[in-house]
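The values are calculated or read from the model by the stated rules, or taken from the named source; none is laboratory data. None of the values given here were measured: they were computed from a predicted structure. A quick note on method: Cβ atoms are made from the backbone with ideal geometry, for glycine too, and the neighbour counts reach across all protein chains shown.
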Amino acid sequence: KVKLKFDVFRHVRTFSTADKPTVVEESTKTHPSTNDKRQCFDDMVEFRKKQARSSVVVQVGNPLKSAALVNQVCSRHGNVSNLFHYTHKDKELLLLEFDSELSAVNLLASCSHNNNVKVIPAASPFLWLKAMPSESSASMSARFPLIMNEDNLANDNLEELLSNAKSISEQMIILEDQTRLSEIGHRLRWITCVQIERMLSGLFPSLQVLPFGSFVNGCGRNGCDLDMAVSLDGHCGTEPLEVKSPLIFQAKAAINNPRLQTQRHIEVFADILQNFTTGCTQVQRILQARVPIVKFYHEFTGVDCDLSMGSLTGVFMSELLYLYDKIDWRFRPLVTAVRHWGAWARLTDMVPGPRITNFTLTLMVVFFLQRRSPAILPTLSEMIKLARPQVDTRQTNDVDCTFLRDPAMFQERGKLNQESLEDLFVEFLRFIESFDFNERSVSIITGTALRKFDSKPLYVQNPLERELNVGRNVNLKELTRVVMEARNALYILETQEDQCPANWGLLALPRAERVRRSNPKSSHHNHVPQIDMKDLFSTNTDDEIDDFIEAKVS
Ligand code: GTP
Ligand code: MG
């Protein structure tokens, strides 16, 4: 029997302590094993990849009529365990999962290309259901309930839910629940990874495509991009297995310059994606970046993708954030609220530039939680000290990424801190407002505010590549805005009594922003000591700007 997943999450939760809120009505959206607090990152990756290798996506004309037919055709090759429906642009698509990988392989072996059109005859898990007039599906469709499109469900009543919440803490939980990347969103990203892996593994049989970024670290929202790193030998930072055979491959010598070698590979991969890979469009080669990447858009999943190779530090960074998420349940809703605040106040941007990034904001949240008393999250140094030999050892491009990969060790300790989400959000804003960015750096290695190592306005140390500053792109104007917006948000949250009942707590933040933008002079929080940006940037030198900020901000 096929279960149609609707992926509607309506959790009723209670929460007043640091314990994870009780989920009264559990969502069907996540596989139990991905919910397991103790589950390690590598197991989660393996589980999701297996699921993706057992899945195909079928484009259909009418999903209501075709679901039964697709199920019938696919069932000839094995047991269909899940069927999801989604739309993308004008396409109607079904994602279908088999019980086993072999069933998906057999199904794909039975598919052919459309003979009526000239096409690149490459295989992929993205299929199309040809109209078959002889097999009327009208009667079969009666066996299926209405197939719902999750994308349309998402966020429809978010404002209402937030407005009806009982506290800011509850609003933060709702925001996290409602904007979290949906199950279909997860599956479509994993199936894309597996598709690319299969395309490139003809050249490199052990090759692995490893996703990283918010998509896998638990902070992914609907619509987030897909960051992928390629490991050509598939070792993924661990020691290669002992070679048993005396026979080794004859192979081409690599170019002496690793960066040049990576650029060459990325160029070739970009050509493969552009010329042969189903669904990959708008392929852009960005070879001069510190980490060369190829960017593309997947037209069957609607996902923006970045593919890099050479270094796996991004993957291990995501693993670290994934562990922090497992250590304390408050991390994710707090990061979500902070990222939303960043977007509402236009502190973050979709395109690279001088604004602070979501990643930098996330590291600041980690730093903040490490410095609570009692600490909610451990420092990276603590996790390095407790690393188990071999199990936790990882190395990529001479960067040591070894740290304890078992969150259980710290889960109990975090519970000693009973602060609510609301307290943490407010305190985070206070931390941003009062931190000495001029002199001090943010480092999650030690959780201490060390002196800055360079003269950039913001210094947030990259915890794995320690000589790098992930906040290096942020200019003084943007950093000042971050500080000012933290102050504005604090003012709004702390003057709740002025607000109408439908416009309270988190809801007041984007609305205040809208009011301010439509009429800057009539801001309802005129009492907040504002820095007039025009005043600030009519000054000429960095020193003058520093003096100005000194006087107004600190
Ligand atoms: P969203 O995509 O905005 O949801 O968040 P994200 O965390 O995925 O950020 P992004 O896609 O921009 O970056 C993906 C990953 O690349 C991050 O999670 C980091 O691991 C890494 N990354 C991003 N920015 C930097 C940076 O400035 N320096 C370094 N070293 N790594 C970065
Ligand atoms: Mg990302």
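Some notes on this structure:
- Every residue from region 280-306 that is within 12 Å of ligand 1 (Cβ to nearest atom) and in contact (Cβ under 8 Å) with a residue 24 or more places away in the chain: I293, V303, D304, C305, D306
- In this structure, S245 does not satisfy being away from ligand 2 (no atom under 16 Å from the Cβ) and under 17 Å from D42 (Cα atoms).
- Yes/no for L307 being assigned to a helix (DSSP H, G or I), surrounded by 19 or more Cβ atoms within 10 Å (Cβ to Cβ) and of a type outside the set (S, T, Y): no
- Of all residues in region 341-392 being more than 16 Å from ligand 2 (Cβ to nearest atom) and of a type in the set (D, E, K, R), the one that is farthest from R481 (Cα to Cα): R388
- Exactly one residue among L464, L493, L536 is at pLDDT 75 or above, in a helix (DSSP H, G or I) and surrounded by 11 or more Cβ atoms within 10 Å (Cβ to Cβ), and that residue is L493.
- Residues that are loosely packed, with under 13 Cβ neighbours inside 10 Å and within 19 Å of F300 (Cβ to Cβ) within region 257-282 comprise N275, T281, Q282, listed in sequence order.
- Per the listing T360, T348, the residue uniquely among the hydroxyl-bearing types (S, T, Y), in a helix (DSSP H, G or I) and within 10 Å of ligand 1 (Cβ to nearest atom) is T360.
- Qualifying residue in region 288-297 (condition: closer than 30 Å to P389 by Cα, out of contact with any helix residue (DSSP H, G or I) (no Cβ under 7 Å at 6 or more places or on another chain) and more than 16 Å from ligand 2 (Cβ to nearest atom)): no
- Answer residue from region 181-213, given it is of a type in the set (S, T, Y) and modelled with pLDDT under 95 and is farthest from ligand 2 (Cβ to nearest atom) among those: S206
- Residue under evaluation Q261, criteria (1) assigned to a helix (DSSP H, G or I); (2) within 16 Å of ligand 2 (Cβ to nearest atom); (3) under 19 Å from N397 (Cβ atoms), criterion not met: (2)
- Some residue of region 366-379 being outside any loop (DSSP other than H, G, I, E, B), farther than 20 Å from T448 by Cα, over 17 Å from the mean Cα position of the chain (by Cα) and touching a residue at least 24 places away in the same chain (Cβ under 8 Å): no
- Condition check for T238: at pLDDT below 95, out of contact with any Gly (no Cβ under 9 Å at 6 or more places or on another chain) and in a loop (DSSP other than H, G, I, E, B): yes
- Checking each residue in region 323-362 for being among the β-branched types (V, I, T) and at pLDDT 95 or above picks out I327, V335, T336, V338, T348, I356, T357, T360, T362.
- Qualifying residue in region 478-499 (condition: over 30 Å from N164 (Cα atoms), among the polar types (S, T, N, Q) and more than 16 Å from ligand 2 (Cβ to nearest atom)): yes
- Within region 204-228, tally of residues that are within 16 Å of ligand 1 (Cβ to nearest atom) and either part of a loop (DSSP other than H, G, I, E, B) or more than 14 Å from the chain's Cα centre (by Cα) (or both): 9
- Segments classed as strands (runs of 3 or more DSSP E), wholly inside region 42-128, with at least 1 members that are out of contact with any Lys or Arg (no Cβ under 9 Å at 6 or more places or on another chain) and surrounded by fewer than 19 Cβ atoms within 10 Å (Cβ to Cβ): 80-88, 91-98, 126-128
- Search result, residues across region 397-428 that are hydrophobic (A, V, I, L, M, F, W, C), in contact with an Asp or Glu (Cβ under 9 Å, 6 or more places away or on another chain) and within 23 Å of V338 (Cα to Cα): L421, V426
- Some residue of region 387-396 being part of a helix (DSSP H, G or I) and of a type outside the set (D, E): no
- Inter-residue pairs, beta-carbon under 9 Å, first near ligand 2 (Cβ under 8 Å from one of its atoms) and in region 218-230, second part of a loop (DSSP other than H, G, I, E, B), 6+ apart: G220/L181; G220/G213; C224/L181; C224/G213; D225/G213; L226/G213; L226/T301; D227/G213
- Filter result (touching a helix residue (DSSP H, G or I) at 6+ places or on another chain (Cβ under 8 Å), more than 15 Å from ligand 2 (Cβ to nearest atom) and not acidic (D, E)) within region 321-340: L323, Y324, K326, I327, R330, F331, R332, P333, L334, A337, V338, H340
- Breaking point among (1) over 24 Å from V119 (Cβ atoms); (2) touching a Ser or Thr at 6+ places or on another chain (Cβ under 8 Å), for T277: (1)
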